[in-house]
Amino acid sequence: MIRLSFLLGILQLSSIGFSQPEKRTDYPNVLSIQTTVQDTSNVEHSFFSDQGAWFAYSLPNEKKDYGSFIGPLLMKMNGVWLGNAFSKIVLKENGKGIDLSTAKASLNYYPGLISQLYVIDGLEIQMELIFQSKESALIQTKIVNLTSKKRELEIAYQLDPIMKAEIRLLEKNGVIVRTGSSNKTFSIVFPNSLEIGYHNNEINLGKVDLKAKGMYENMQVQSYFPGKIVSNQKNAIVFEAEKLANETRWNGYLNSYFNRSKLVDSDKKKLAVKSIMTLMTNWRSAAGDLLHDGVFPSASYDGFYGFWSWDSWKQAVALSYSNPELAKSNILSLFDYQDKNGMIPDCIYFDKTENNWRDTKPPLATWAVYHYYMVTKDRKFLAEIYPKLVLYHRWWYQNRDCNQNNLCEYGSTDGTLIAAKWESGMDNAVRFDNRKMIQSSESAWSIDLESVDLNTYLYKEKKYLEDLAQSLGDTNEAEQWSKEAQLLKKQINSTFYDSSRGFYYDKTLSGEFVTSEASEGFIPLWAGIADSIQASRVSIMISKSNKFNTFVPFPTVCADHPLFNPLKGYWRGPVWLDQFNFAIVGLNNYKYFALSEELTNKLLKNGEGLLSNQPLRENYHPITGKGLNAINFSWSAAHLLILLNNN
């Protein structure tokens, strides 16, 4: 059902007229996924996945691995590589091996497709891999005889696991692979072959007669799904039909996005495509206790094998432009676990006993729903989700406003400061140093600090809830949200803005500013809270090179702060692209377009690998531009898509 819904949504979005339809073939290798796997548990590689599959592949980086797709990487609660060159084609002619490492080779990663082409000894060997479903990948191999002589080839596939595995025949045309302690089951089936042989880790397809200028082809179905044996392939598969459906779907993603963004710069378009591909590779289908499809922060980092709440809201906004059905599912995946009081957990996992209920994350869910609704006008979904958004919004005031003054604090359910810091999303931000926890109920504790970003997000939620209530025809409720928003706007400006410094700061419960200039101080511009004078003062702070106008702009704490340390401080200096994007939107809200463009260009020019085929990073060093922490990071991809779309 979800696959059909994706296609219908894409066709609907692609129907808007444009003169030059985008084609995936225009975007080869915008991300390099050539790699060599040596450690089965090291997932810090770039790879390709699609359709929400829980497995992935790379292209070979070394000539010795030519003729194989690197992997597969199998995912569940963590990731393990079944092999480096696990299913490698072996060709012999007259009993002599044909060494593909000496072939003329072309390796390509297109959106939704990876391919290899080899020319050697009068033969052309083409291998293409696409994902047919969340459970299965299809690999087609074509061998063309370029000569005018008949030839006889022996064809086999070498299975070379780099972890302990049991491999046995599966019926007549496939093998099943069970991996030791990881409890993962993988299968390879040749659905259009009558019978195969298997001996000494080699699948043997026998001898093939190749006519002069003739062609031979075969197809594999490689399957994996966590907690399930996927092995039977009863129906014949026409690869070209599957490839066409795959190409139509991916061209739909690209056109849906580009028709909205109106990008013309080729480098920015390649960056947008890389960002879409990053999100798609991090897409996981519903499995285990994950009840809807969602997106990992990064499948290239084992610690991110789950769905995080504010990550999901950010991803959903960007996905609304290209894959709205996945955007909706991504939102629902977290609301599946909303409790009766309205709380949404920080993160959820394949095994729900691992879910983190110690805290939630900043309230951006309504922002995500609003953008999804603006694209799709899905009123049925809006009617279903709206009461849940209201419940979550009210939860904050019931559980995170310890002095009941209508200004909220970050906190935790277990009373620990570390979980309260996690709730902010800015785990070790300077503003949380030397803070204390205050208990307001049996299961609610707050940091003794009212945070400007949190209350700004809540203001913005009220404005979005006002718009959504209007869309549902509830003018009375919309009017109530409007009144609440105006009241909160006044409180934020009177509480958090320091006119002597010209910036917004958190404030202790005793009424003192926490005077570290940091990224939370420009969130009020994103929400349109500041007046023109306040916005001007904040923009001046932003423009200073010793503050935020660094080599890569917008460090999360100003560059002249004594605790500024991008290499050791996760939120003490690195540039995070969500905060960057919020700042740029804020500047644009107040028509500081020249400064906005200057800072955006500095990011794209100086952020390592952004305009090349290197992976998107979790964050960036503001002084050197070096990419930091996790690779192939989803919210970096999401905010780049939002940034490029808005520009």
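The values are calculated or read from the model by the stated rules, or taken from the named source; none is laboratory data. Here the structure is a predicted model, which means the values were calculated and not measured. A quick note on method: Cβ atoms are made from the backbone with ideal geometry, for glycine too, and the neighbour counts reach across all protein chains shown.
Count of the range 543-557 residues, restricted to those that are of a type outside the set (Lys, Arg) and surrounded by fewer than 24 Cβ atoms within 10 Å (Cβ to Cβ), is 5.
For every residue, the table says whether it meets (1) in the same structural domain as Ala530 (by TED's automatic domain parsing); (2) under 13 Å from Leu640 (Cβ atoms); (3) surrounded by 22 or more Cβ atoms within 10 Å (Cβ to Cβ).
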| site | (1), (2), (3) |
| --- | --- |
| Ile584 | yes, yes, yes |
| Phe593 | yes, no, no |
| Ser596 | yes, no, yes |
| Leu610 | yes, yes, yes |
| Gln614 | yes, no, no |
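Checked against (1) closer than 29 Å to Asn42 by Cα; (2) in a helix (DSSP H, G or I); (3) out of contact with any Phe, Trp or Tyr (no Cβ under 9 Å at 6 or more places or on another chain), Asp578 meets all criteria but (3).
Residue-by-condition table, conditions (1) in contact with a Lys or Arg (Cβ under 8 Å, 6 or more places away or on another chain); (2) modelled with pLDDT of 95 or more:
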residue: Ala429; (1), (2): yes, yes
residue: Met437; (1), (2): no, yes
residue: Glu442; (1), (2): no, no
residue: Ile447; (1), (2): yes, yes
residue: Lys462; (1), (2): no, yes
residue: Asn476; (1), (2): no, yes
residue: Asn493; (1), (2): no, yes
residue: Lys507; (1), (2): no, yes
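Is it the case that some residue within the range 96-112 is outside any strand (DSSP E or B), modelled with pLDDT of 95 or more and of a type in the set (Val, Ile, Thr)? Show your work before the answer.
Let us first name the residues in the range 96-112 that are outside any strand (DSSP E or B), namely 98-103, 111-112.
If we keep only those that are modelled with pLDDT of 95 or more as well, we get 98-103, 111-112.
Next cut, of a type in the set (Val, Ile, Thr) only: 98, 102.
Checked the range 96-112: at least one residue is outside any strand (DSSP E or B), modelled with pLDDT of 95 or more and of a type in the set (Val, Ile, Thr).
Only one entry of Leu643, Leu628, Leu610 meets the criterion of being among the hydrophobic types (A, V, I, L, M, F, W, C) and part of a loop (DSSP other than H, G, I, E, B), and that entry is Leu610.
For the structure I just gave you, tell me whether Gly83 is in the same structural domain as Val189 (by TED's automatic domain parsing) and at positive phi. Answer is no for this residue. Of the residues making up the range 133-191, those that are of a type in the set (Gly, Ala, Ser) and free of Cβ contacts under 8 Å to residues at least 40 places away in the same chain number 2. For the range 199-207, the condition holds for at least one residue, the condition being that it is surrounded by 19 or more Cβ atoms within 10 Å (Cβ to Cβ), part of a strand (DSSP E or B) and either on the phi < 0 side of the Ramachandran plot or in the same structural domain as Asn645 (by TED's automatic domain parsing) (or both). Screening the range 427-527 for helices (runs of 4 or more DSSP H) wholly inside it with 3 or more residues that are surrounded by fewer than 19 Cβ atoms within 10 Å (Cβ to Cβ) and touching a residue at least 24 places away in the same chain (Cβ under 8 Å) returns the ranges 475-496. Considering (1) crowded, with 24+ Cβ neighbours inside 10 Å; (2) touching a residue at least 60 places away in the same chain (Cβ under 8 Å); (3) closer than 25 Å to Asn200 by Cα, the lone condition that Gly71 does not fulfil carries the number (2).
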